[in-house]
Amino acid sequence: MNAALGWLLGLKNVRSLDAIDPSLAAPWAARGAFWLVFGLVIAAVAAVVFYTRFQHRGSRAARLGLGLSRGLLLGLLLLTLADPVLCLSLTDVKPPLLYLVFDGTDSMAIEDEYPAAQQAALAKAVQWRPPDDQATRKPSRVDHLRAFLRRSENNFVDRLGSGGRFRIESFLFDGNATSRLRKLDPGNPTDDVPDPKRLADQLTTEGQVTALGAVLNDIAQQSGGGNLGAVVLFSDFAHNSGIAPSGGPHDESRSPAVRLGVPIYTVGLGATEAMDLAVDLQMDARMKRAERTSIQVRLRQTGLQDRSVTVDVTARKLSGVATDAPGPSTTGPGVLLGRRTVALTTNLETIDFPFTPEDAGQFEFVAQAEPIEGEIVLDNNRASREVTIIDDFLRLMYVAYEPSWEWRFVKEVFHRDKLVGMDGFRTYLASSDPRVRESNVLFLPTLTPKRSDFFASDVIFLDDMPRTGINDRFCGLVREFVGQFGGGLVVIAGPRFGPSELSGTALADMLPVVLDPDARLRDERPFRLRLTAHAARYPFMRLGDSEAENAKAWDNLRLLPWYQPVARLQDQSYALAEHPTDTCRDGKTHQPLIAIRQFGAGEVVYLGFNEMWRLRRLYGEHYYRRFWSQLIYRLGMSHALGADKRFVVRTDRQQYRVEDKVVLTVEACDQNFEPLAAEDVPHASLSAELTVGGEGGEHVRELRVPLLRRGVFEAQIPVYSEGEYSIRVRDPVTDGFREGRFSVTGLSAERRSGVRNLRVQEELAAETRGRSYDLTTVDRLIDDLHLPMITERYTRNHPLWCTPLWFVALIGLMLGEWFSRKMIHLA
């Protein structure tokens, strides 16, 4: 009954009509119901009079019935002008929405090598037939997918849509790390089921990265609250950019897949095993000249078990001041640093190449493995990395009120550190004799030297200081030093004054913690510091080479006697170590003892105690030095050193593809570190030279870098050919050049791996309670999909004049009157 009534009212899948309230939407009828009633009465009377007074055939009763029928017809037409509506409270049932999402990235164009039996089974499943003029061509992944969508027998999409089980929408992702989910034309605009052949025609392989996490976030935004029941994802799952799509076993709640809130049925394309070797190069982005280090090459292989491969590591100097020391040359293929032949006995082999830089400058290091017969992708046999080797030192500024154990041992550690040395460590002690500060080179005479000297620092340590010892100019300079110039700041809470002394200063909101002005030192009971899950991501928190050694090193702190409490952790900050029991104001999060946050271009680290020197208790300086050395390396080496921060040239990436646009940014200040303005440079722009290296030699092109805003110059440079590029920008203050380098290649990140990522595919399905298939088993999905119909309860104003009920009534009255007139022989 409800279904029939729903059909008469033009409503689909109505389970129940809970309430019906009629009304009129036309303003004239809603305001003047009297005139509507008057019009209906006039229409009825006129019709009855017409038939009873002016028609003479037939009985009087028949003519009276015809008059009433004509009156109802005229009244119905008048009511149509009044726009009748029904306010309906109803329960609606509709099929769940199913998304078909297809991978449109470059890896889908890979032509996989399968064993003969597997290739035959796949071709049979998708009904693949090569084009007549390409009978010997191997099919790519997208060829298989297109054939699967076009197959004539048991078509997958048609079977999904049969019986009205689902409403189907289709999408293609072919964008970048921020995703680009593009809705496909269904070909059937009036149907809930797309035309599968039309979908196949729209599949492309133009995307340059597979960013599955961003794709899932886009799917969530696309669906909104739109009754999405499930997602069927066709891909090789070669995720290589952006956020991870799944959280893995330890962090499922935060993954985009789980947040989507619906099951994901994954359909894998591409071979899961193939003969392939991928090379990865691991090394520090900055090195110190004459300091021994290690270059690590990782070899990942599939299908090449027990084969041998030869790996070369070379270095080529890109820029820098020449010295008499031997080192890589500025031209040619570079200098061979090492060659190893390795037996591939495991899926991951790691090779260490010891290396001691003998020259300073910018270098390109390349690790390359010789091709092995049978590899399907050779693009990933080579890995390169640009490294800066410095012949300089880090400049540390340690600010404290008086000497403490931390101050003494930190000073000793950095004096012996090759990256800092005797020239790199300077301190300001507020309690020291002014004559000592003036005469001893270790001490800074003032807390606020001139800007050029202050900003030449790389890392600033702020130990226990009273509010009276920290003036506003110092706080403002520190804020500018970190936020604009990318410097590092380490704030160490001491027992005498505490971090609450910073409340109300420009430094307070820079910290990773929110200060509590009323908090006081807590020393009621000793405690053991506890590392958080985030600590493993930061090298300065990894004191050992293994989990066991790391635990042993931190346990060397033993019981800490006190700490300084705070209100809570700042937003966008991470606690790396916390109190095991004490909590913040919210009563839930533990008190942070070591925390870090990004502030502008730099980073700030907070220590809630100054007892790190206890790491020396059993093992001397070993772990203590590792903590502080790794910390200053992270904070100090992430930006230009010393006065070089005044004029910094950078590009938004180090590697581009042909026809990309290079975004060149120059951060420029004068000698006093004041940002350059339009009036400081001719034509409000900087002059630069772009050098393109290629097979035909080098080509130099001059260009201008216009002022974007005070202190920042920016230009977008299109690149149209492969090769190594260098760009030199003239410093208007020194009239010298600063150089940046980048490379342009035709290779895609999609070709770094030649196999389907089965782990990601199965994790996505498992986390969301979906299932995993390939093209030979995906037909089972239709039977596995058991999605409930969507039940919605809502109230809506439904126009009555455009419903089947209105049409039936109107046509019924017209035909009834016509038939009756014929029966009584009225003209």
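The values are calculated or read from the model by the stated rules, or taken from the named source; none is laboratory data. The shown structure was predicted, so the numbers you read here are calculated from the model rather than taken from an experiment. Because the Cβ atoms are built from the backbone with ideal geometry, glycine has one as well, and the counts that use them run over all protein chains shown. Keep in mind that these areas ignore ligands, DNA and RNA; they rest on the heavy atoms of the full protein, side chains included. Shrake-Rupley method; radii C 1.70, N 1.55, O 1.52, S 1.80 Å.
Numerical summary
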read-out: Any hit, the range 512-534, residues being open to solvent by less than 40 Å² (accessible area, probe 1.4 Å), under 23 Å from Met637 (Cβ atoms) and touching a helix residue (DSSP H, G or I) at 6+ places or on another chain (Cβ under 8 Å); value: no
read-out: Some residue of the range 674-690 being among the charged types (D, E, K, R), out of contact with any Leu (no Cβ under 7 Å at 6 or more places or on another chain), under 22 Å from Gly486 (Cα atoms) and without any contact (Cβ under 8 Å) to a residue 12 or more places away in the chain; value: no
read-out: The range 67-84: number of residues that are open to solvent by less than 50 Å² (accessible area, probe 1.4 Å) and aliphatic (A, V, I, L, M); value: 5
read-out: Lone unmet requirement of (1) closer than 30 Å to Gly636 by Cα; (2) without any contact (Cβ under 8 Å) to a residue 60 or more places away in the chain; (3) open to solvent by less than 60 Å² (accessible area, probe 1.4 Å) for Thr293; value: (2)
read-out: Qualifying residue in the range 727-747 (condition: modelled with pLDDT under 90 and closer than 30 Å to Tyr99 by Cβ); value: no
read-out: Residue within the range 404-418 that is closer than 23 Å to Lys317 by Cβ, in contact (Cβ under 8 Å) with a residue 24 or more places away in the chain, open to solvent by 10 Å² or more (accessible area, probe 1.4 Å) and not polar (S, T, N, Q) present; value: yes
read-out: Close pairs (9 angstrom Cβ cut-off, 6 or more residues apart or separate chains): of a type in the set (Ser, Thr, Tyr) in the range 608-621, not in a helix (DSSP H, G or I) anywhere; value: Tyr619/Asn556
read-out: Answer residue from the range 220-238, given it is surrounded by fewer than 23 Cβ atoms within 10 Å (Cβ to Cβ) and not small (Gly, Ala, Ser) and is modelled with the highest pLDDT among those; value: Leu228
read-out: Yes/no for Glu702 being open to solvent by 50 Å² or more (accessible area, probe 1.4 Å), within 29 Å of Phe455 (Cα to Cα) and modelled with pLDDT of 85 or more; value: no
read-out: Residue tally, condition at pLDDT 85 or above and not in a loop (DSSP other than H, G, I, E, B), over the range 163-193; value: 10
read-out: Residue that is surrounded by the most Cβ atoms within 10 Å (Cβ to Cβ), among those in the range 731-789 that are more than 15 Å from Ile264 (Cα to Cα) and polar (S, T, N, Q); value: Ser753
read-out: Given (1) at pLDDT below 90; (2) open to solvent by 10 Å² or more (accessible area, probe 1.4 Å), number of the condition Phe599 does not satisfy; value: (1)
read-out: Residues being open to solvent by less than 20 Å² (accessible area, probe 1.4 Å) and in a helix (DSSP H, G or I) - total across the range 331-390; value: 2
read-out: Meets criteria (without any contact (Cβ under 8 Å) to a residue 24 or more places away in the chain, in a helix (DSSP H, G or I), open to solvent by less than 60 Å² (accessible area, probe 1.4 Å) and of a type in the set (S, T, N, Q)) for Thr52; value: yes
read-out: Of all residues in the range 652-671 being at pLDDT below 90 and open to solvent by less than 60 Å² (accessible area, probe 1.4 Å), the one that is farthest from Phe481 (Cα to Cα); value: Val658
